[in-house]
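Read the structure below first, then the notes.
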Amino acid sequence: MISNRLSNPDSFHPPPAPLLPVAIAVIAGIILVRFGLVSLFVLISVLSFCAIIAGALILYRRLTASRPVRFRLISVLIFIAFAAAAGLRYTLVYHYYPDNHIVTRCLPSLPRLASIRGNIITKPYIAKTGGTFAAFDFAHEPRTILVLRCREILTSDGWRQTQGLCQVTVKQPAPHLRRGQLIQLDCWLTRRRGPDNPGQFDPTDYQHASRTIVSCTVNHSEAVTVLTEEPIATGLLAHLRHKIQAIAHTALIEDVHLISGGNLSSGDTEAFLNALLLGQRHKLSGHLYEAFLRTGTIHFLSVSGLHVGIIAGFIWCLGWLVRLPRLAQGLLTLTVIAAYLLLIPPRPPVLRAGIICSLFCLAFMSRRTVSAINVLSFAAIVILLLRPIDLFNAGFQLSFVVVLGLILFVPTVYNLISKKDVVAIEPPQPLPWWRWLIVKVLCFFLGLFVVSLVAWVVGLPLSAYYFNRIAVWSAIASVILYPLIALTMLVGLAKMILAGLIPVFGSCLTEPLFALGRMVIFIVDGFERLPYNGINTAAPPIWFIVVFYILLIWAGRSLYRGRGHGHGRGRSLSRLVIYALLVWAIAFVWMAPFTENDSEDRAINLHVLSIGHGTTTVVELPDGKTILYDIGSSSNFNLTSHVVAPFLRYRGVQKLDAVFISHPNIDHYNGLIDLCRSFPVDVLYLNDYFAKDAGRAVEILLEKLNEMKQPPVIKLISRGCRLKPATTAEGADYTIKVLWPLPAHPSYVLDTNDSSLILRISTGNRSILLCGDAGIIPQRLLLEMEPPENLKADVLLLPHHGSLGSTVPEFIRAVDPVACLNSNGRVPPSRLDKLTALLPGQTIYHTCLNGCISASLSETATSVQTFH
């Protein structure tokens, strides 16, 4: 059927899709509840009403005058009933928790000390600290992460029964923990937090979907006591899943280190194969993950319908080659699909592909035809009724939107291209075998390019919205990589099967498998070096995305229904919508990167990111340039990839014009190397004392910067330096003045904190003062050295994270800020109260309470907004 559609789509008459309205009803019901447009009482009432009326219409046919009228009424009632049922299901999953659930023991905002008992239901894994300075981050010991099924909690009345799942983080390695153990934890209990900064990934829906909205933090591994080794009661399916996963990992990876002394592959190759074949992405390095993201080939690492389709297609062709009977061929494919679904994580794209492939196999065995849109609708209905929160998951949306786009547009686009004599589908006369083979290969790659191009175009707005990226080379990279990815998956599958049957033969495939993995990584690295390989963009407006998909649905509907009807109304309507899509594309190119840093307002925008204990401050200047003041944290893992880079993409920043590092404390620069690998940095400003620091961490920083292909220019600055733009538009003038430290001199020595860069950024009559970790000495000296008007600032970044011992009230009064911003980690409320008492009359914002703090300084006013 598919080949017929590609060769002559105008002769294809689409079968009906009666489940499409039902899928639309399910989506509508979830959206209505999500935005609070209907209540639980209304949902139950509507569902009951629909059931009663539909039952009456079916049982008592005399209630309606004609059969068509009764059929329409029943259809409308079914539509409303499915919408109500989906909304009710969403309410139960997202909002309902039993009275004895562990979440009822959590305080609304603060962690609570608790003792709980429960069974470990996942295999604990030790997450090591990544990044260049992992060895120097003593606060970032390797962590042990697991999921606990709670059974009891200690209260004032003794141990009480409880239930629910907890995400447990032990801040030390705990290799003695295993799945199935009954353990007791002395921990800090809290509800898992959402994002603290714009652009940061919001895990709230994922947490509700997995029912792990509670977090347990254990400071020491000694606080975990193993009570019994009793196995937890699991069903046959769960036991089978864990067994298959263990066997597959052993067959695929664990013989690597037995061959060639473990020198066969790098860690990146092993991590790539784990992600591609087993769906385990936690071992991917930041650089490798970023490379796939920038090239738009991350879908190869996210196990999805593509992977299920490759496996199912291979088994299907294998059954056809050996001439298996129709029933045996279908059953074999179904069995392999089921086993593969048990092997990989059950993400929405995987479930969608598994359902679709299974239905096609069942239709093949029963000699029935199926509608692709109908099957896709059925998969959406099943997934959303089981996991309604997945509707707001980027993977779910991209998966279903892209597949629907492929169904609607690929046959027409392929036909249009082939009619331009790019590739002759049916040559006018028989060809020699070698020419026939060339034509078939060209047809294959043409079809692959059309699929990749349509998928890229259809998913472009969602990718820009969720991931703040436009991967220009995505379609071409996908075409080149697809054969290698398919071959790698097939070799990996063969290796896993042979390792269980004939281990010697399985080991023979180890070297070819890892060679394929290295080849894929090499090609991805090559694409990453191309210009415009990943354009950062702020999220397009919702209305702009909605307009695109309305036009796309309109065009797809006219194409899908107009095929085989000549130049009728459907064909002309499609042409009209295509013109509208061209207008939308021009608007997209014109508006991209949708940046929120609009230089037309001639304002300075300051953003103090919430990163725990540390400092990362982004300053957007009136001429559109972006600079960074410090990038480091002692309490945040993967600072650049999780917080800073998403924020910069969210703001549409393509490069950083300058980065200022205040002083050589690692909690102020440990994210710098990863930042320079992700974003071009023109100039790096350090003070004289930074380069003189003899610490090994500073040496590594400078070495890594020098090793980069495009390292930033390093400049040393000290008191008296003034940085001004070379050219400025009218009204966009500004000055960056260095107030501290003094130039390095042998006659005096400053400690690390007191050598912090203190910058004053001013435009017109507005200014910002950034103080790093400056202590009492710099503050008192500046009071003596600077006239009051040179210290005055509208916004002040408090010195040393608002430390009580490093804050000089006289200095703060001299600055006289409208707002004091404090970048700090979680501290007791009493300490914040003492800081408020120390600085009476000052308005203080804390990142630990308010999340990201944004201040805007225009010619007329200073405004402050917080993320929370």
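The values are calculated or read from the model by the stated rules, or taken from the named source; none is laboratory data. These numbers come from a predicted model, not from an experiment. Here Cβ is always computed from backbone atoms with ideal geometry, including for glycine, and neighbour counts include all displayed protein chains. Only protein heavy atoms, including side chains, enter the accessible area calculation; ligands, DNA and RNA are left aside. Shrake-Rupley method; radii C 1.70, N 1.55, O 1.52, S 1.80 Å.
A few points about this structure:
- Förster radius 25 Å - calculated FRET efficiency between Ser45 and Asn100, Cβ distance, rounded to 0.05: 0.30
- Residue-wise HN-Hα coupling along region 615-621, computed from phi with Karplus coefficients 6.51, -1.76, 1.60 (Hz; x: Gly, Pro): 9, 9, 10, 9, 10, 9, 8
- With a cut-off of 12 Å between beta carbons, the residues surrounding Asn219 carry a summed charge of -1, where Lys and Arg count +1 and Asp and Glu -1.
- Counting DSSP beta bridges with both ends in the chain, the antiparallel % (nearest 5): 70
- Simple spin-label estimate for Lys655 and Ile145 gives 3.4 nm between the two label positions (7 Å along the Cα-to-Cβ direction from each Cα).
- Heavy-atom accessible area per residue - region 471-545, 1.4 Å, Å²: 44
- Hydrodynamic radius (Kirkwood) for region 589-691, which is based on Cα pairs only, to one decimal in Å: 14.0
- The coefficient of translational diffusion for region 769-868, derived via Stokes-Einstein from the alpha carbon Kirkwood radius under 10 °C and 1.306 mPa s, stands at 114 µm²/s.
- Here the chain is treated with +1 on each Lys and Arg Cβ and -1 on each Asp and Glu Cβ, and its dipole about the Cα centre works out to around 4200 debye.
- Using alpha carbons only, the radius of gyration of region 309-400 set against its Kirkwood radius gives Rg/Rh = 1.00.
- Beta bridges per DSSP with both ends in region 704-837, % antiparallel, nearest 5: 65
- As computed over region 434-536, the Cα convex hull volume per residue (Å³): 141
- Whether region 429-485 is rounded, prolate or oblate, judged on the alpha carbon gyration tensor where a/c under 1.5 counts as rounded: prolate
- For the pair His176 and Thr217 in one chain, pulling the backbone fully straight at 0.36 nm per residue adds 13.0 nm over the alpha carbon distance.
- Net charge, Val472 excluded, C-beta distance under 14 Å - Lys, Arg +1, Asp, Glu -1: +2
- Whole-angstrom Cα spans of the chain along principal axes, big to small: 91, 72, 72
- By accessible area, using a 1.4 Å probe on protein heavy atoms only, the chain has 63% of its surface on carbon and sulfur.
- Taking only the C-alpha atoms of region 651-796, Rg followed by Dmax gives 16.0, 46 Å.
- Full-extension gain in nm, Val69 to Ala592, via 0.36 nm per residue minus C-alpha separation: 183.3 nm
- Residue-averaged [θ]222 nm for the chain, counting only DSSP H segments that reach four residues, each worth -39500 (n - 2.57): -15000 deg cm²/dmol
- Accessible area in the full protein assembly, largest first, 1.4 Å probe, for Phe364, Phe522, Phe444, Phe272: Phe522, Phe444, Phe364, Phe272
- Lys440 versus Ala394: modelled label distance in nm, points set 7 Å from Cα along the beta carbon direction: 4.0
- Between Asp682 and Leu362, the contour length at 0.36 nm per residue exceeds the Cα-Cα span by 109.3 nm.
- Using a Förster distance of 51 Å, the FRET efficiency for Glu511-Ser210 (Cβ separation, nearest 0.05): 0.85
- Above-threshold pairs, the threshold being 30 Å between Cα atoms, out of Lys704/Lys737; Lys171/Lys243; Lys704/Lys834: Lys704/Lys834
- Per-pair calculated FRET efficiency, R0 = 25 Å: Leu37 and Val76 via Cβ, rounded to 0.05: 0.80
- The alpha carbon radius of gyration of region 311-470, expressed as a multiple of 2.2 N^0.38 Å, is 1.22.
- Each label was represented as a point 7 Å from its Cα along the Cα-to-Cβ direction; for Ile126 and Ser285 these points are 2.0 nm apart.
- Rounded to two decimals, the Cα-based Rg/Rh of region 361-409, with Kirkwood Rh, is 1.05.
- Net +/- balance of residues flanking Lys737 in space, Cβ distance below 13 Å, scoring K and R +1, D and E -1: +3
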